[in-house]
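Chemist: Okay, here's the structure, questions in a sec.
No lab work stands behind these numbers, since they all come straight from the coordinates. Since the model is a prediction, treat every value here as computed from it, not as a measurement. Note that we place each Cβ from the backbone using ideal geometry, even for glycine, and neighbour counts take in every protein chain shown.
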Amino acid sequence: MNRAAMTPPPGKKEFYPKDAVLVFLAFALISAAVIFALVVYDVLTLQDLLSFENPLQLAIYVVLPTISLLLFGIILTLLTPASYIDETNKSYQNYSLPAILAFTFAGALFEELLFRGIIQNVLTLYLPNPWIAIAITTVLFVGMHVQYYSKPLMLLNITIPSLVFGWVYVQTHNLLVPILVHFLMNLGITLLFKYKVIAMRGEKR
């Protein structure tokens, strides 16, 4: 790995995927424990979390949203000047393939367990329309990504996917679907950057 590529700008902490993976997995474990408790106390059911009634539908809701979000990410990338992109996001593609796989999977696992598995599910129990729960969950999802506040356009890049993750979960009642879509979207965009298939405006491939 190119250590020079990992050197952060002055005043910023260095980012290591391995550390982030460990943090994500720890929080994913905590989120899974909370979900387990919600099932044990009959707040949620396994059918709410892992429905396999229609395998073909599950496959469709993995493939089509993933392709759509990848296209959205590509278009947004091609239209967005590099100066509008968060610095950390620019560095992901510099890491090894195993590091990218681990980081994108751990991040998707934690965020979907927390936001769709816990927050959206609990909100759905008390709100008349699932889209209200999806919208509130998305606001909280965006709110957690504080690193993007200095680059407001980046918030669009997480708002649209979050709405899609919430929607596919409502349609499938299977947490594995938004986890897979989230993981494949992040992995796909990162690999497109890594292998120079796409580049941000103002940067050479």
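Chemist: Please list, in chain and number order, the residues 5+ apart from residue 145 or on another chain whose amide H is under 5 Å from its amide H, with Hs placed from the backbone.
Modeler: Close amide H contacts, sequence-distant or interchain: none at all.
Chemist: Given only helices, namely DSSP H runs of n ≥ 4 each adding -39500 (n - 2.57), what is the per-residue ellipticity at 222 nm of the chain, to the nearest 500 deg cm²/dmol? Don't jump to the answer; show the numbers that get you there.
Modeler: Details: 10 runs with 138 residues, N = 205.
Value at 222 nm, helices only: -21500 deg cm²/dmol.
Chemist: With r defined as the distance between the Cβ atoms of residue 94 and residue 158 and R0 fixed at 30 Å, what FRET efficiency is calculated, to the nearest 0.05?
Modeler: My answer for the efficiency is 0.90.
Chemist: In a shell of Cβ-Cβ distance under 10 Å around residue 28, excluding residue 28 itself, what net charge do Lys and Arg (+1) and Asp and Glu (-1) give?
Modeler: Numbers: positive: none; negative: 111, 112.
In short, -2.
Chemist: Just how many pairs of Lys in the chain have C-alpha atoms closer than 21 Å, counting pairs that are eight or more places apart or on different chains?
Modeler: Going through the chain pair by pair, I get 12.
Chemist: Can you find, among 110, 100, 131, the residue farthest towards the positive end of the dipole of the chain? Put +1 on the C-beta of Lys and Arg, -1 on that of Asp and Glu.
Modeler: My answer, from the dipole projection, is 100.
Chemist: If you don't mind, another one. Just to confirm the filter: which chymotrypsin sites (Phe, Trp or Tyr not before Pro) across the stretch 110-167 are DSSP coil and have at most 12 other Cβ within 10 angstrom of their Cβ? Walk me through the numbers on the way to the answer.
Modeler: Numbers: sites: 110, 115, 126, 131, 141, 148, 149, 165, 167; in loops: 149.
Filter output for the stretch 110-167: 149.
Chemist: When the scattering of the stretch 41-88 is computed by the Debye formula from its Cα atoms alone, each counted once and equally, what is log10 I(q)/I(0) at q = 0.32 Å⁻¹?
Modeler: Cα-only, vacuum Debye calculation for the stretch 41-88: -1.08.
Chemist: What residues have an amide H closer than 5 Å to that of residue 174, excluding those fewer than 5 places away on the same chain, when H is modeled at 1.01 Å from N in the peptide plane?
Modeler: For residue 174, whose amide H was placed from the backbone, the distant partners under 5 Å are 51.
Chemist: Restricting things to alpha carbons, tell me how big the stretch 55-205 is in terms of Rg and Dmax, in Å.
Modeler: 15.5, 50
Chemist: Contour minus end-to-end for residue 196 and residue 56, with contour as 0.36 nm per residue of separation and end-to-end as the Cα-Cα distance? If you can, show how the numbers build up before the last one.
Modeler: Working: separation 140, 0.36 × 140 = 50.40 nm, distance 3.35 nm.
Value of the extension gain: 47.0 nm.
Chemist: Mind giving me the FRET efficiency for residue 170 and residue 23? R0 is 35 Å, r the Cβ-Cβ distance, nearest 0.05 is fine.
Modeler: Numbers: r = 28 Å, r/R0 = 0.81.
Computed FRET efficiency for residue 170 and residue 23: 0.75.
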